[in-house]
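For reference, the structure is listed below as structure tokens.
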Amino acid sequence: MSKSLKTVRIMVFMALYAALTIVLDYAKESIPFTTIWANGGSIDISLIALVFASVHLGWKIGVITSLLEFLVSIVFGATKLYFAPYSPGLGFMCDYIIPIVIMGMASIFVKKNETMFHNIIRLETGIVLCMIIRILSQVISGVYCWTESSDIGSLVAWSLSLEYNLGYGIPTMIMLLIVMPVVCRAFMPLIEKRYKL
């Protein structure tokens, strides 16, 4: 396969995964238990597409796909932006950029010439680490950007932010740990056979 054809295929898959992420983002609005938190917190089923993009295209292109999805979702209104009252720049980085980029790195431990079983374990390790970083980023935003100015950095701010972000971060991680092995086992052999990159 020529280099230009490979580049086109990668770009098409990036667009496909970004679009699928947005579709799943819209779909989660119709699932009652996923959106019970205020100000954007939800069990994020759209991460399934981003993590799969990371597995299929590699973590570096997964990061670019994550950023592409974020930009496209803003343009189409799928992502509701909430700007923090205190330190909006830090809040934007910790609430949006870091959490979306880190999920593109979920497959960082996956190796090409490993068995499916070993790569599933490596992927789940990556998911756990990425979700921990994602949750920590959002907790930091809650502590320093979303609390009253008198409470910034306080123990109360830390406990409230942890409670809020763990409330949907842990269920999202559990969902990914259950769903991604099934998705990878079902679709990776087909993709590798038909659309070798």
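A few remarks follow.
- Residue count for the stretch 100-126, restricted to those that are part of a loop (DSSP other than H, G, I, E, B) and not aliphatic (A, V, I, L, M): 8
- For the stretch 97-131, residues that are hydroxyl-bearing (Ser, Thr, Tyr) and buried (at least 20 other Cβ atoms within 10 Å of the Cβ) total 1.
- When residues of the stretch 1-22 are limited to those that are outside any loop (DSSP other than H, G, I, E, B) and at pLDDT below 90, the one surrounded by the most Cβ atoms within 10 Å (Cβ to Cβ): 22
- Scanning the stretch 126-174 for residues that are touching a residue at least 60 places away in the same chain (Cβ under 8 Å) and among the hydroxyl-bearing types (Ser, Thr, Tyr) turns up 147, 149, 164, 168, 172.
The values are calculated or read from the model by the stated rules, or taken from the named source; none is laboratory data. Only a predicted model underlies this, so the values are computations on that prediction, with no experimental measurement involved. In this analysis, Cβ positions are derived from the backbone assuming ideal geometry, glycine residues included, and neighbour counts consider all displayed protein chains.
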